[in-house]
Amino acid sequence: PTSPLDGLTRALTTAVDVLGAEPTSLLLGLPLYGRLYNCDGASPPSYGNCSCATDCKRNKGSSVMMAAAAGPGCVQGWEATAATPFFDCKLGSNISGGGGGPPAHVRQQGWYESPRSIQLKLQLAATQQLGGAGVWSAHGCANRTAACDAIWDLLAGAGG
């Protein structure tokens, strides 16, 4: 995951309790992209378990990742501790530029942000009484899709 909820919580606790940061002076930065992994088969196929010995990770926009998750042959999942959705495609996700267009036998796994994950992370910012939250999109939600519109609506509501 690019921004696991448990990791964000630990980082904020450290910043406030250990380093003495004032919560209102902190901003929570969230990515609107995910990570696509080409699995090399060195580990048994299971959700959340994708090993690779070479450069196998590609950053892709959330809109691309959300579309791939719904693709044929892909199983969608949710990792509750990280509050992050993922997908596992036994025969590849067909994402353009996902490592050279993997052959059909290459398993791929993707971790990304969705409206549900963004909402939970914005709730963390509110609960911790942070100064705010922001995103870097890298064209992660530049397309007009229902999921991206929902994310932008959540972000607009967080500021109001």
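Remarks
- Only one residue of I95, L30, P85 has its Cα farthest out toward the positive end of the dipole of the chain, where Lys and Arg carry +1 and Asp and Glu -1 on Cβ, and that residue is I95.
- Net charge of Cβ neighbours under 14 Å - reference S117; Lys, Arg +1; Asp, Glu -1: 0
- By the rule of a C-alpha distance below 25 Å, with chain neighbours fewer than 8 residues away ignored, the lysines paired with K90 are K57, K60.
- 222 nm mean residue ellipticity, helices alone, for the chain (DSSP H n ≥ 4; -39,500 (n - 2.57); rounded to 500): -8000 deg cm²/dmol
- Protein heavy-atom accessible surface, 1.4 Å probe, per residue over the chain: 52 Å².
- Solvent-accessible area, 1.4 Å probe, carbon plus sulfur percent, for the chain: 55
- In Hz, Karplus ³J(HN,Hα) per residue of the range 17-29 (6.51, -1.76, 1.60; θ = phi - 60°; x = Gly, Pro): 7, 9, 8, x, 5, 7, x, 5, 8, 9, 10, 8, x
- The phi torsions of the range 86-93, fed into the Karplus equation with coefficients 6.51, -1.76 and 1.60 and a -60° offset, translate into couplings of 8, 9, 9, 10, 4, 10, x, 9 Hz, rounded to whole numbers, with Gly and Pro shown as x.
- DSSP-defined antiparallel bridges as percent of all bridges, the chain, nearest 5: 80
- Share of pairwise Cα separations in the chain, more than 29 Å, in percent: 23
The values are calculated or read from the model by the stated rules, or taken from the named source; none is laboratory data. All values derive from a computational prediction rather than experimental measurement. Neighbour counts are summed over all protein chains in view; Cβ atoms, including those assigned to glycine, are modelled from backbone coordinates with ideal geometry. Surface areas here come from the heavy atoms of the whole protein model, side chains and all, with no ligands, DNA or RNA. Shrake-Rupley method; radii C 1.70, N 1.55, O 1.52, S 1.80 Å.
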